[in-house]
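What follows is a single structure, written as structure tokens, with notes after it.
Values quoted throughout were computed directly from the atomic coordinates according to the rules given, and no laboratory measurement underlies them. Just so it is clear, the model here is predicted, and its values are computed rather than measured. Ideal geometry is used to build each Cβ from the backbone, glycine not excepted, and the neighbour counts take in all protein chains shown.
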Amino acid sequence: MAEEETKREPREVDTGVIPAEFREGGGLRTMTATVVSAKAPCSCGICTKSKIKAKRLHIELKPTNQPKWKNQNEWFGLSDADDSAFFALVERLRKIGVACPAGKNIGEVIAAMGEAEWAEEEKIGRTQSAVWMPQRLL
Ligand SMILES: [Zn+2]
């Protein structure tokens, strides 16, 4: 799907340079980033054109410690299931100290969270591929 492609930006490896993110334990990446936008549901151009019609949270992140990286995008299907990636995200935000009061829009919460450390993680909710997840506020 198109979203997967936008998450994998061309980077140093394209010129044969061994990227810093090639470290022991796998190729999952980390970054510090600010939130460019977070909307749930989102009606941006990418979301509107997507073949995925389920309503989703779309987060766009601007890396602050990876000057060569383009902005990173992540999507979470809006779900009230406790085994969903969306549930895992809210749980994580609360764990790192971001207030997520019931009744508040998650997009507004994330848009206001400021700079944070983010890392790609696998097996978030029912998602098998790597997902950008917040690690700690800066
Ligand atoms: Zn969008």
Report the Cα-based extents of region 76-124 along its three principal axes, largest first, to the nearest Å.
27, 25, 17
How much length, in nm to one decimal, is gained on full extension between residue 34 and residue 79, taken as 0.36 nm per residue of separation minus their Cα-Cα distance?
13.7 nm
Fraction of alpha-carbon pairs over 14 Å apart in region 54-138 - percent:
64 percent
Can you compute the modelled spin-label distance between residue 122 and residue 54, with each label point 7 Å from Cα toward Cβ, in nm?
2.1 nm
